[in-house]
Structure formats: C-alpha cells, structure tokens
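Peer 1: Here it is: the structure, laid out below.
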Amino acid sequence: MPVSMRLCAGVSLLALLATPALAQTLAQNMGAGLSSEFVIVSAERAGENPATPDIEVTAAKAGEQINTVNTEDMLKYAPSLLVRKRHFGDTQDPVATRTSGVGASARNLIFVDGIMINSPIGNNNGAASPHFGVAAPQDVSRIDVLYGPFAAAYGGGSIGAVINITTRMPDHFELYGDAQGAVQDYDLYGSSATVGTWQLAAGAGERAGAFSWRLSANHLDAKSQPLSIATLSRPPSPGTAGTPVTGGFDGLARTGSHIAIIGAAGLEHQVQDTDTLKLAYDFDSGIEAAYTVSLFHQDDEAGAETYLRDGAGTPVYSGSLNIGGYQYNVGASSFSNNVYHWQLTHLAQGLSLKSGPDGDFTWSLVASNYAYLYDNQRVPGTALPGASAGGAGSINRLTGTGWYTLDAGGEWRGFAGHDISFGLHRDEETLSQRRFAATDWISGAPGAITQSAHGRTATNALWLQDIWTILPELKAALGARLEDWRAYDGSNYSASPALNVAQPPLSTQAFSPKVSLAWQVSQRWTLTASWGGAYRMPTVTELYQTVTTGTFLSVPNPNLKPEHANTFELSAQRHARDGIVRLSLYQEDIDGALLSQSAPLVTGSTTLYSYVQNVDHTRVKGFELYADQNDVMIPGLELMGSLTYADGRITSDPVFAKAVNKFIPQLPRWRANAVATYRIDQWAFTLGARYSDRSFGTIDNSDPVSNVWQGFAGYFVVDARAQFKVNDNWTLSAGVDNLNNDKYFLFHPFPQRTIVMEVRYAQ
C-alpha cells in the first residue's frame with residue numbers, strides 16, 4: 001500500500017499538549033491553523049481527517065519521494081530531524097533534532113502502535129539507538145513528529161521530539177510483496193569495493209466484521225562500507241626501527257595531530273528477520289482492542305582489512321612496523337576492536353484498549369514491553385589474521401535487558417469551553433550486562449566473568465491539561481506533569497582493575513508545567529506562543545554501564561542528577577489551498593545538561609576515559625522555516641523545503657572551564673532540506689537535497705578537523721527517485737542516494753553513491 005507525507009496544519013503547539021486524540025480534536029475545533037507536525041499518512045487516514053484537508057498530499061508521496069528500505073528512511077526530509085543511519089539495516093541510528101545531536105538519543109521518544117522503541121536504557125548511538133525494525137515500512141500508515149516538551153502526556157524524552165508511528169489495519173483481504181536491491185560503490189583511502197543490500201518483504205491481512213488482523217515478514221541482507229578507520233598517532237620524530245611496510249596513508253586526526261591510516265574495520269554483513277502480527281477487535285460496547293507482537297532477529301558479522309603490506313606483499317596487521325619513516329607499535333586491538341560477531345533476538349509487544357471516539361468522555365489504556373531475549377556480541381582478543389580462525393576473546397551479553405511502559409488516560413470534551421485530559425504513566429528499565437572471557441571468541445563457551453553492570457530505573461507520573469476556548473479565535477492550553485523517579489539495584493564488577501561495588505540508590509521528584517496560546521488571526525494566519533518544562537532523568541547505562549573499547553573506557557557516573565529543560569517557541573503560519581509556510585523561533589535552556597566528555601584516567605596518563613556529567617547550563621536558540629507548495633508554476637510540480645538555524649552553546653560549566661561558550665557537541669548551526677516532485681500520468685520524478693553544517697564532537701570543541709574519522713563534517717547530498725505505477729497492483733521504482741557522491745564523516749564514514757531499485761505488488 002503506498003504511503004504519503006504531509007505537513008499538518010491545525011494548532012500543533014496546543015496539540016502538543018494533548019494526547020493524540022486531543023490533538024486531532026483541537027485542530028478540528030480551530031480549523032486551519034499552525035502545526036509543528038510532519039506527518040506521513042495513508043490516503044484513507046488523510047481522507048478521514050478533516051482538520052487539515054487543504055494540505056493533504058497524494059497517497060503515494062512517500063513512495064514517490066524517498067528511497068525507502070527501512071522505516072526510518074521515511075523521516076529523511078522531515079524538518080529539523082536527522083536519523084544517523086550509516087547504511088541500510090543499521091541498528092545504531094539515533095535521531096538528532098533541532099536542539100540535540102545524535103549523541104542525545106534519550107531526548108527523543110519513539111513509539112510504534114504504543115510500543116516504546118527508542119531504547120530508554122541509554123543516551124548514545126549504540127545499544128540506546130531506536131529499534132525501528134519493529135515496524136516494516138510497508139505497514140506504516142502514519143508518522144507524527146512532535147517537536148519539543150510541550151505535551152503534558154510525555155516525559156523528559158520529549159525535550160527533542162516525540163515520534164509516533166502508526167501501522168495500518170486492513171478493511172478487506174489484502175496481500176503484498178516487495179523486493180528491493182541497493183548497490184553502493186565505495187572508495188576511501190585503501191578501501192574500494194561494491195557492497196550490496198537486498199530485502200524481501202511480504203504481508204497479508206483481512207477484516208471480518210469486528211475482527212481484523214495483519215501479518216508481515218521482512219528479510220534483509222545488507223553489507224556496509226567500513227564503519228571505522230584504523231589509525232595510529234605519529235611519533236614525534238622519525239626513526240628507522242621496525243619492519244618496513246608499505247600501504248599506509250598520512251592523515252590528520254580530528255584534533256589536528258598527524259596520524260597514520262593503516263586500514264579499516266566494521267565491515268558489517270547483517271542478516272535481519274522481522275515478523276510482526278497485529279490483531280484488532282471492535283466490541284459492540286464501542287471499546288477498541290489491539291495487540292501487536294514483533295520478533296526481531298539479527299546476525300551481524302563485522303570484519304577488517306589492512307592497507308599494510310610487507311616486502312613480499314603479505315597483509316600485515318600487527319607488530320613493530322616502520323611506516324613512512326616512523327616506527328609504530330601496532331597492537332592486536334588496532335583492528336580487532338571493530339571485529340565482532342553479534343547475534344540478537346528481541347521481542348516487542350503492545351496492548352491497547354480504548355473507548356470509541358464519540359461521546360463527552362473517552363479513555364485509553366496502553367501497555368508495552370521490549371525484551372532482549374538474546375543479545376550476544378563476540379570480540380577477538382588476539383591479532384588478525386590469526387583471530388579470524390578463533391583464539392582468545394570476550395563475549396559481551398545484554399540478555400535480560402529491556403523495559404516496559406503503562407499509560408492510562410481520559411478526556412472530557414466540551415466542559416464549559418474546556419477539554420480536560422489526564423493520565424497516569426509508569427515505565428521501568430533494566431540493564432543486565434555481563435562480559436565473559438572466552439578461549440575461542442567465535443564459538444567457545446563463556447568463561448569467567450570479567451566485567452558486569454546491573455541496574456534499574458523507574459518513573460511514575462501523573463499529568464493533567466486543559467484546552468480552554470477563551471474566544472472562538474483564541475485558545476489556551478494549560479498542562480502539568482508530576483514525576484517520581486528512582487534508580488536502584490545498581491552494581492558494578494570488574495576483575496581487572498579489581499572492582500565490586502553496590503551503587504547507592506537515587507530518587508527525585510519533578511514538576512513540569514506547560515502553557516500555550518493560539519490566536520487565529522485570520523482564515524489563513526495563525527500565531528502561537530508556547531513554553532514547556534521537562535526533566536530528563538539519567539538513564540540506567542549512564543548510571544551503571546562500563547564499556548571498554550581497547551584502551552578507551554566509558555565509565556558510569558552513579559551520582560548523576562536529572563537535566564531540566566525550559567523551551568520557548570513562537571510560530572506564525574500561513575496556509576492556503578495549495579500550500580503552507582511556517583516560521584518558528586525557539587529557545588531551549590537546560591540546567592544540568594547530561595553531556596559526555598573524555599579525559600585521562602590519571603594526570604599525565606595517555607589512557608582516556610569517557611564519562612557523563614551534569615553540565616551547569618546550555619542554551620540553544622534559533623529558527624525553523626518550512627514551506628510546502630503544490631502546483632508551482634505548472635500542474636503536478638510540488639516543492640517542499642526547510643531551513644533550520646541553531647546556535648547551541650555551553651554557557652556555564654564550573655567543572656570544565658574550557659567548555660564555556662563552546663558549541664554543543666554534534667549540533668550543526670545550519671541544516672536544510674529541499675524536495676521537488678513532478679507528477680505526470682503514471683510517473684513521479686523527485687529530486688531532493690540535504691545539507692548540514694559541520695559540528696564538533698567534544699564539549700570543548702577541541703576537534704577542529706571535521707571531515708576525518710571521528711569528526712563531524714558538513715555535507716551536501718543530492719537524492720533522486722523515479723516511480724512508475726504500472727497498474728493498480730504493480731509499482732516499479734528506482735533511485736539514487738548521494739547522487740553527487742559526497743564523501744563525508746559523521747564520526748563514521750557515511751555511504752557514498754547508492755543505487756536503489758524496488759518492485760512492489762499489492763492487492
């Protein structure tokens with residue numbers, strides 16, 4: 001079933017204070033107004049929603065405009081959003097917003113049919129990345145993106161954005177099949193290869209009276225470009241010692257120091273299977289019930305390659321080597337750190353009960369659970385190439401990690417000019433991490449535990465809000481959220497260095513008020529002003545998890561405090577029958593911002609460790625301009641674009657003075673998207689562009705070199721797509737991502753020119 005994108009009009013900043021049902025009600029009551037929502041909807045859903053019919057797009061818009069392999073691809077041109085997706089099938093793809101970079105995943109909430117998939121156990125781009133695989137793109141009916149902490153129904157994870165993914169249910173028997181293939185020609189330093197991805201998807205569903213069901217299965221086989229570069233710091237002076245080798249490259253680290261580039265690693269081969277079943281039943285009493293279960297399995301093998309060759313032309317991975325007249329000691333970890341076998345099986349479930357949409361009072365109950373049934377990553381501890389056949393290593397296990405959520409809410413409508421809603425919320429997160437020694441890292445049994453981390457966090461919340469019609473053209477929204485948070489059962493163990501400690505429990509309470517005003521100045525113009533507070537609690541991994549990557553340590557901080565955000569926004573929107581323009585001004589202040597920094601383990605040591613600390617104060621101020629216009633100059637031509645400016649600074653940090661007045665890490669000042677689509681008969685042609693300014697990776701901005709390994713470069717990427725609808729059942733598509741072949745880094749090397757093709761059947 002084809003899908004489409006639209007920017008909803010309506011009064012979104014007030015809608016942000018409401019539940020999804022309240023948001024739709026408010027928009028309907030206000031008529032055409034202002035929105036901060038970028039929505040992907042099906043044609044059927046758009047037709048049923050009279051709130052913003054004047055900006056409704058065709059059902060095939062997403063399929064026309066975006067080379068979609070995974071669900072997160074559908075957000076590619078959303079205003080002020082970036083999904084850091086390193087390749088098709090990437091499971092480490094956090095979302096960056098207009099006020100936070102890709103290393104702040106905990107400032108976003110992402111749901112699929114009420115199932116939380118944004119991994120609230122952490123605030124990074126590893127295990128804390130969203131699990132978009134729960135929803136296949138073929139099953140998505142709409143995606144709502146709400147910007148900022150203006151919704152009383154959401155906690156501190158809404159500081160950046162709330163992304164609600166809704167999957168569709170059939171009205172009759174339906175069947176679909178989808179085959180996709182992608183090819184990337186990659187060339188960087190000494191790495192040159194053609195890597196491919198293919199995906200098969202199938203689904204079926206039916207409605208029989210009050211009962212409906214949908215079953216889908218996706219199989220993805222993906223290979224990536226190198227995700228890491230093996231480098232060595234160049235010695236201060238030349239030397240003749242060491243075995244002479246060739247093939248290295250001179251380069252610069254992100255700090256500007258000279259390095260030798262000796263190879264690449266993280267060459268992933270991922271095989272993923274996702275099976276999802278959704279059941280729904282409409283009771284005679286008007287109660288609607290739905291249950292979703294999704295099983296995700298992945299096998300991921302990552303290899304490495306060396307650029308170094310000895311006199312006989314044999315690849316060299318370790319030893320005392322002379323590269324370009326400098327002596328280097330290349331240890332086993334230079335390559336093996338990013339060589340691994342990773343197997344995981346995750347289970348996601350969601351159950352919802354809600355009353356029908358009619359009546360003065362409505363209610364809903366939603367429960368979800370995400371469980372790491374099996375999560376095992378094996379890493380070699382000896383040098384390549386011998387490690388390819390086995391040998392000592394380690395096994396890192398996250399089995400038993402997971403979380404659950406429970407939400408109950410109700411709404412009274414039309415109560416003396418007031419729509420009053422309320423709700424209760426609970427979530428609980430569990431971290432279970434153990435690292436074992438292994439005599440055979442490929443297939444050997446786990447040996448002695450060398451490191452472990454455990455802990456839990458839990459939040460109970462109560463929220464209340466009132467949407468008040470002061471005048472027909474003036475509405476106000478008043479909301480508040482009260483939270484009680486705990487961290488407990490925390491412990492850390494390490495065999496070397498010796499550590500065995502039970503971490504102290506933590507608890508805090510937080511109160512977050514919200515206020516918004518919306519003034520419909522005329523039939524076409526709406527002005528809004530909003531302010532919202534939110535507390536983002538420390539995650540269980542920030543508090544307790546220790547991660548070792550070679551000599552680089554990520555150390556937990558069990559004494560963290562919540563970060564407190566205050567966000568202001570002023571918006572003006574004009575919309576007509578064929579288009580919409582919106583300008584938003586915003587400012588975000590965060591006290592006690594939870595940011596990561598690196599420092600020597602002890603004074604004078606070259607061993608670095610990373611830890612999270614509460615930075616005293618950060619501020620982001622900027623603007624967002626969005627426009628979408630149909631039939632520009634000629635029928636069938638649509639133009640859509642956005643421009644975002646963000647000046648994000650660390651304004652106070654008594655602990656680390658060098659960070660004061662520096663840019664917030666991973667947050668570019670300028671970002672822009674533009675999409676042009678021309679539709680004629682059965683064809684649709686799209687040309688899109690994505691731009692980002694460079695950013696910094698450290699809180700003191702000590703990484704001035706951006707377009708290198710571990711740097712955060714600016715980029716300009718052009719995409720193209722053509723779609724041909726053969727008939728009512730068959731659709732053919734072909735496109736190119738990164739048509740201009742921009743070679744850039746966002747810490748990792750990102751994909752170069754990639755060709756994507758798709759054949760789809762649906763009935």
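The values are calculated or read from the model by the stated rules, or taken from the named source; none is laboratory data. Since this is a predicted model, take the numbers as computed values, not measurements. With ideal geometry, Cβ positions are generated from the backbone for all residues, glycine too; neighbour counts draw on all protein chains shown.
Peer 1: Name the residues in region 113-151 that are more than 22 Å from residue 295 (Cβ to Cβ) and hydroxyl-bearing (Ser, Thr, Tyr), would you?
Peer 2: Matches in region 113-151: 147 only.
Peer 1: Assuming residue 565 fulfils every condition listed in (1) within 30 Å of residue 499 (Cβ to Cβ); (2) at pLDDT 90 or above apart from one, which condition is it?
Peer 2: So the condition that residue 565 fails would be (1).
Peer 1: Also, quick follow-up: Condition first: in contact (Cβ under 8 Å) with a residue 40 or more places away in the chain and either hydroxyl-bearing (Ser, Thr, Tyr) or touching a helix residue (DSSP H, G or I) at 6+ places or on another chain (Cβ under 8 Å) (or both). Now tell me which residues in region 736-759 satisfy that.
Peer 2: Correct list: 754 only.
Peer 1: Restricting attention to region 715-727, which residues are without any contact (Cβ under 8 Å) to a residue 40 or more places away in the chain and in a loop (DSSP other than H, G, I, E, B)?
Peer 2: As a first pass, look at region 715-727 and keep what is without any contact (Cβ under 8 Å) to a residue 40 or more places away in the chain: 715-718, 720, 722, 727.
Correct list: 727 only.
Peer 1: Look at residue 506 and say whether it is out of contact with any Ser or Thr (no Cβ under 8 Å at 6 or more places or on another chain), hydrophobic (A, V, I, L, M, F, W, C) and crowded, with 16+ Cβ neighbours inside 10 Å. Give the steps one after another, and end with the answer.
Peer 2: Numbers: out of contact with any Ser or Thr (no Cβ under 8 Å at 6 or more places or on another chain): yes; hydrophobic (A, V, I, L, M, F, W, C): yes; crowded, with 16+ Cβ neighbours inside 10 Å: yes.
Yes: the conditions hold for residue 506.
Peer 1: For residues that are touching a Gly at 6+ places or on another chain (Cβ under 9 Å), under 30 Å from residue 455 (Cβ atoms) and of a type in the set (D, E, K, R), tally how many sit in region 408-427.
Peer 2: Residues that pass the stated criteria total 1.
Peer 1: On to the next question. If the requirement is being touching a Leu at 6+ places or on another chain (Cβ under 8 Å), among the basic types (Lys, Arg) and assigned to a strand (DSSP E or B), which of these qualifies: 434, 378, 426, 413?
Peer 2: Values: 434 fails: touching a Leu at 6+ places or on another chain (Cβ under 8 Å); 378 fails: touching a Leu at 6+ places or on another chain (Cβ under 8 Å); 413 fails: touching a Leu at 6+ places or on another chain (Cβ under 8 Å).
Criteria check complete, one pass: 426.
Peer 1: Tell me whether region 178-190 contains one or more residues that are not in a strand (DSSP E or B) and not hydroxyl-bearing (Ser, Thr, Tyr).
Peer 2: First, pick out the residues of region 178-190 that are not in a strand (DSSP E or B): 189-190.
Filter again for not hydroxyl-bearing (Ser, Thr, Tyr), leaving 190.
The answer is yes, given that some residue of region 178-190 is not in a strand (DSSP E or B) and not hydroxyl-bearing (Ser, Thr, Tyr).
Peer 1: For region 607-648, give me the residue count where each residue is of a type in the set (Asp, Glu), surrounded by fewer than 16 Cβ atoms within 10 Å (Cβ to Cβ) and assigned to a strand (DSSP E or B). Spell out the reasoning first.
Peer 2: Taking region 607-648 as the starting set, the residues that turn out to be of a type in the set (Asp, Glu) are 616, 624, 628, 631, 638, 647.
So of that shortlist, the ones also surrounded by fewer than 16 Cβ atoms within 10 Å (Cβ to Cβ) come out as 631, 647.
Okay, now just the ones that are also assigned to a strand (DSSP E or B), so 647.
Number satisfying all stated conditions: 1.
Peer 1: Could you identify the single residue in 153, 202, 182 that is in contact with a Gly (Cβ under 7 Å, 6 or more places away or on another chain) and free of Cβ contacts under 8 Å to residues at least 60 places away in the same chain?
Peer 2: Sole residue among the options that is in contact with a Gly (Cβ under 7 Å, 6 or more places away or on another chain) and free of Cβ contacts under 8 Å to residues at least 60 places away in the same chain: 202.
Peer 1: Counting just the residues of region 381-408 that are assigned to a strand (DSSP E or B) and among the hydroxyl-bearing types (Ser, Thr, Tyr), which one comes out nearest to residue 367 (Cα to Cα)? Show your work before the answer.
Peer 2: Within region 381-408, the subset assigned to a strand (DSSP E or B) is 393-397, 402-408.
Filter again for among the hydroxyl-bearing types (Ser, Thr, Tyr), leaving 394, 404-405.
On the way: 394: 36, 404: 7, 405: 6 Å.
Step by step, filter region 381-408, then rank; the result is 405.
Peer 1: Another one. If a residue has to be charged (D, E, K, R) and buried (at least 16 other Cβ atoms within 10 Å of the Cβ) to count, how many in region 184-220 make the cut?
Peer 2: First, the residues of region 184-220 that are charged (D, E, K, R): 185, 187, 206-207, 214.
From what's left, buried (at least 16 other Cβ atoms within 10 Å of the Cβ): 206-207, 214.
Matching residues across region 184-220 total 3.
Peer 1: If you don't mind, another one. Out of the residues in region 233-265 meeting the condition of being buried (at least 20 other Cβ atoms within 10 Å of the Cβ) and in a strand (DSSP E or B), tell me which one is nearest to the chain's Cα centre (by Cα).
Peer 2: Here the answer is 265.
Peer 1: Further question on the same structure: Return a yes/no flag: does region 134-144 have any residue that is within 13 Å of the chain's Cα centre (by Cα), more than 14 Å from residue 536 (Cβ to Cβ), of a type outside the set (Gly, Ala, Ser) and assigned to a strand (DSSP E or B). Steps first, answer last, please.
Peer 2: Going residue by residue through region 134-144, those that are within 13 Å of the chain's Cα centre (by Cα) are none.
There is no residue in region 134-144 that is within 13 Å of the chain's Cα centre (by Cα), more than 14 Å from residue 536 (Cβ to Cβ), of a type outside the set (Gly, Ala, Ser) and assigned to a strand (DSSP E or B).
Peer 1: Then there's this: I want to confirm something. Restricting to region 689-730 and keeping residues that are β-branched (Val, Ile, Thr) and in contact with a Leu (Cβ under 7 Å, 6 or more places away or on another chain), which single residue is farthest from residue 65 (Cα to Cα)?
Peer 2: The first filter runs over region 689-730 and keeps only residues β-branched (Val, Ile, Thr), leaving 698-699, 705, 708, 717-718, 726.
Filter once more, keeping what is in contact with a Leu (Cβ under 7 Å, 6 or more places away or on another chain): 699, 705, 708, 718, 726.
Values: 699: 37, 705: 34, 708: 31, 718: 12, 726: 17 Å.
In this case the residue turns out to be 699.
Peer 1: To continue, here is another question. Please work out if residue 285 is surrounded by 15 or more Cβ atoms within 10 Å (Cβ to Cβ) and either among the small types (Gly, Ala, Ser) or outside any loop (DSSP other than H, G, I, E, B) (or both).
Peer 2: So residue 285 fails the test.
Peer 1: Search region 728-744 for residues being of a type outside the set (Lys, Arg), at pLDDT 95 or above and part of a loop (DSSP other than H, G, I, E, B), and hand back the single one that is farthest from residue 689 (Cα to Cα). Spell out how you get there, then give the answer.
Peer 2: At the first step, the residues of region 728-744 found to be of a type outside the set (Lys, Arg) are 728-742, 744.
Narrowing the set further to residues that are at pLDDT 95 or above leaves 729-742, 744.
Restricting the remaining residues to those that are part of a loop (DSSP other than H, G, I, E, B) gives 729, 738-742, 744.
Details: 729: 30, 738: 9, 739: 10, 740: 10, 741: 12, 742: 12, 744: 15 Å.
Ranking the qualifying residues of region 728-744, first place goes to 729.
Peer 1: Among the residues of region 437-447, which ones are in a strand (DSSP E or B) and surrounded by fewer than 19 Cβ atoms within 10 Å (Cβ to Cβ)? It would help to see each step written out before you state the result.
Peer 2: To start, the set of residues in region 437-447 that are in a strand (DSSP E or B) comprises 437-438.
Selection gives 437 alone.
Peer 1: Among 698, 651, 677, which is the only one that is touching a residue at least 12 places away in the same chain (Cβ under 8 Å), more than 20 Å from residue 81 (Cα to Cα), hydroxyl-bearing (Ser, Thr, Tyr) and not in a strand (DSSP E or B)?
Peer 2: Working: 651 fails: not in a strand (DSSP E or B); 677 fails: not in a strand (DSSP E or B).
Of 698, 651, 677, the one residue that is touching a residue at least 12 places away in the same chain (Cβ under 8 Å), more than 20 Å from residue 81 (Cα to Cα), hydroxyl-bearing (Ser, Thr, Tyr) and not in a strand (DSSP E or B) is 698.
Peer 1: Let me ask another. Does residue 378 meet the test of being of a type in the set (Lys, Arg), crowded, with 18+ Cβ neighbours inside 10 Å and modelled with pLDDT of 95 or more? I'd like the intermediate steps shown before the answer.
Peer 2: Working: of a type in the set (Lys, Arg): yes; crowded, with 18+ Cβ neighbours inside 10 Å: yes; modelled with pLDDT of 95 or more: yes.
Yes, satisfied.
Peer 1: Name the residue that is surrounded by the most Cβ atoms within 10 Å (Cβ to Cβ), counting only residues in region 680-695 that are modelled with pLDDT of 95 or more and not in a strand (DSSP E or B).
Peer 2: Ranking the qualifying residues of region 680-695, first place goes to 694.
Peer 1: Now, a different point. For region 701-728, which positions are over 21 Å from the mean Cα position of the chain (by Cα), crowded, with 18+ Cβ neighbours inside 10 Å and among the acidic types (Asp, Glu)?
Peer 2: Of everything in region 701-728, just one residue is over 21 Å from the mean Cα position of the chain (by Cα), crowded, with 18+ Cβ neighbours inside 10 Å and among the acidic types (Asp, Glu), namely 703.
Peer 1: Look at region 72-103 and say how many of its residues are within 23 Å of residue 458 (Cα to Cα) and without any contact (Cβ under 8 Å) to a residue 60 or more places away in the chain.
Peer 2: 1
Peer 1: Please list, ordered by first then second residue, the pairs with beta carbon atoms under 6 Å, 6 or more apart or interchain, first in region 327-350 and more than 30 Å from residue 246 (Cβ to Cβ), second of a type in the set (A, V, I, L, M) and at pLDDT below 95.
Peer 2: Filtered contacts from region 327-350: 348/115; 348/134; 350/115.
Peer 1: Please verify whether region 147-161 includes one or more residues that are out of contact with any Lys or Arg (no Cβ under 9 Å at 6 or more places or on another chain) and part of a strand (DSSP E or B).
Peer 2: For region 147-161, residues out of contact with any Lys or Arg (no Cβ under 9 Å at 6 or more places or on another chain) and part of a strand (DSSP E or B): absent.
Peer 1: A further question on this structure: Is it fair to say residue 637 is modelled with pLDDT of 90 or more and more than 28 Å from the chain's Cα centre (by Cα)?
Peer 2: On the way: modelled with pLDDT of 90 or more: yes; more than 28 Å from the chain's Cα centre (by Cα): yes.
Yes: the conditions hold for residue 637.
Peer 1: Let me ask something else. Does residue 682 meet the test of being in contact (Cβ under 8 Å) with a residue 12 or more places away in the chain and at positive phi? Before the answer, list the steps.
Peer 2: On the way: in contact (Cβ under 8 Å) with a residue 12 or more places away in the chain: yes; at positive phi: no.
It is false that residue 682 is in contact (Cβ under 8 Å) with a residue 12 or more places away in the chain and at positive phi.
Peer 1: Between a residue in region 50-71 that is closer than 17 Å to residue 688 by Cα and any residue that is modelled with pLDDT of 50 or more and assigned to a helix (DSSP H, G or I), which pairs come within a Cβ distance under 8 Å, given they are 6 or more apart or on different chains?
Peer 2: 62/74; 66/73; 66/74; 67/73; 68/62; 68/74; 68/137; 69/137
Peer 1: For residues that are within 20 Å of residue 482 (Cα to Cα) and of a type in the set (Ser, Thr, Tyr), scanning just region 500-528, find the one that is modelled with the lowest pLDDT.
Peer 2: First, the residues of region 500-528 that are within 20 Å of residue 482 (Cα to Cα): 506-516.
Imposing the further condition that a residue be of a type in the set (Ser, Thr, Tyr) reduces the set to 507-508, 512, 516.
Working: 507: 97, 508: 97, 512: 97, 516: 92.
Looking at residues that are within 20 Å of residue 482 (Cα to Cα) and of a type in the set (Ser, Thr, Tyr), I get 516.
Peer 1: Given the options 457, 450, 469, name the one that is assigned to a strand (DSSP E or B) and closer than 28 Å to residue 382 by Cα.
Peer 2: Values: 457 fails: closer than 28 Å to residue 382 by Cα; 469 fails: closer than 28 Å to residue 382 by Cα.
Among 457, 450, 469, only 450 is assigned to a strand (DSSP E or B) and closer than 28 Å to residue 382 by Cα.
Peer 1: Working carefully through the options 110, 163, find the one that is without any contact (Cβ under 8 Å) to a residue 60 or more places away in the chain, surrounded by 24 or more Cβ atoms within 10 Å (Cβ to Cβ), under 11 Å from the mean Cα position of the chain (by Cα) and more than 16 Å from residue 565 (Cβ to Cβ). Don't jump to the end; show me each part of the working.
Peer 2: Working: 163 fails: without any contact (Cβ under 8 Å) to a residue 60 or more places away in the chain.
Within the list 110, 163, the selection yields 110.
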